[in-house]
Structures are given as structure tokens and as C-alpha cells.
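Right, one structure below, let's go through it.
The values are calculated or read from the model by the stated rules, or taken from the named source; none is laboratory data. The model shown is predicted, which means the values in this text are computed figures rather than measured ones. Glycine also receives a Cβ, built like all others from the backbone with ideal geometry; neighbour counts cover every protein chain displayed. Just the protein is used for accessible areas: all its heavy atoms, side chains included, with ligands, DNA and RNA removed. Shrake-Rupley method; radii C 1.70, N 1.55, O 1.52, S 1.80 Å.
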Amino acid sequence: MTFVVTESCIKCKYSDCVEVCPVDCFYEGKNMIVINPDECIDCGVCEPECPVEAIKPESEDLIEMIEVNRKYANAWPKITEKKEPLTDAEQYKNESDKFKKHFDPSPGS
Ligand code: SF4
Ligand code: F3S
């Protein structure tokens, strides 16, 4: 089992989640963070840290998103320290369909 970062993270990237992970399995894209499902130990401590509730436990509904997390965890750099959220995070935090509209496959920096 794994936890998964959902599209609510896109355009926000608050990054509170990354500091609490005991196995450092978060990876950073330009406008989203993902969890490597092959490294996550299913501890759940990151879930309540996200201010937009973007982190969810594995479920049938999230199979595609787990594969997105896996694919980009293997392409993006590791992130272990909190950063400032994205500039427009407040504006985008309640938007729906963010993956379709705003997902950016570019790596974070
Ligand atoms: Fe890390 Fe635990 Fe969150 Fe998995 S559930 S990403 S191991 S903090
Ligand atoms: Fe994203 Fe929430 Fe972490 S917005 S970066 S999953 S704290």
C-alpha cells in the first residue's frame, strides 16, 4: 500500500508534506509533488500535513494517479525540505480538474 498525491497539489505545492516523511520519498515537479509508491512505507504521517488535503491513501479510484506518481517520482528530483508555496497557491487551491488543465511534466528545481 502507498499514499498518493492527487491533483489538488497542482499549482499549490505547499510542501509541508515533505518534511515529515521518514523515508524521504517525495519528488518535485514544476507545479506538483509526487510520492514514489515503491518507496512509501504507508505510515500516513504526511496525509494530515497538506493544507489542501491532496494526499490520500491508495484506493481503486486512484490507480491512474498512483501511476502518475510512480512515473514522475522516477523522473523528478527528490525534495526533503519545505519551500515557499507557489505564488498563486491561494488562487488555485479550490480549483477542480487541475490535472487536465495545469499538469506540467517539467522537473522542479
Ligand atoms: Fe512518506 Fe509515510 Fe507519506 Fe508514505 S505515507 S509518503 S512513507 S510520510
Ligand atoms: Fe502538495 Fe499538499 Fe504536499 S499541496 S506539496 S501535497 S503539502
If the limit is 21 Å between Cα atoms, which of Lys13/Lys100; Lys13/Lys82; Lys78/Lys98 go over it? Lys78/Lys98
Per residue accessible area in Å² of the stretch 33-109, where ligands, DNA and RNA are left out and the probe is 1.4 Å: 64 Å²
Loop-resident sites, the stretch 5-109, for trypsin sites (Lys or Arg not before Pro), counting at most 10 other Cβ within 10 Å (DSSP): none
With the crude spin-label approximation of a point 7 Å out along Cα→Cβ, what separation in nm comes out for Glu39 versus Glu64? 2.6 nm
Which one, Pro57, Asn69, Met1, is farthest towards the positive end of the dipole of the chain when Lys and Arg carry +1 and Asp and Glu -1 on their Cβ? Asn69
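With charges set only on the Cβ (+1 for Lys and Arg, -1 for Asp and Glu), what does the dipole of the chain come to about its Cα centre, in debye to the nearest 20?
On the way: 13 positive and 23 negative charges, 89 e Å.
In total the dipole reaches around 420 debye.
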If a/c stays under 1.5 just call it rounded; otherwise compare a/b with b/c (prolate if a/b is bigger, oblate if not). Do that for the chain, with a ≥ b ≥ c from the square roots of the Cα gyration tensor eigenvalues. rounded
Could you list the residues of the stretch 39-55 with an amide nitrogen less than 15 Å from a label point located 7 Å from the Cα of Asp16 in the Cα-to-C-beta direction? 45-55
Could you give the length gained by full extension between Lys83 and Lys100, i.e. 0.36 nm per residue of separation minus their alpha carbon distance, to one decimal place? 3.6 nm
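Calculated from DSSP H runs of 4 or more alone, at -39500 (n - 2.57) each and per residue, what is the 222 nm mean residue ellipticity of the chain, nearest 500?
-4500 deg cm²/dmol
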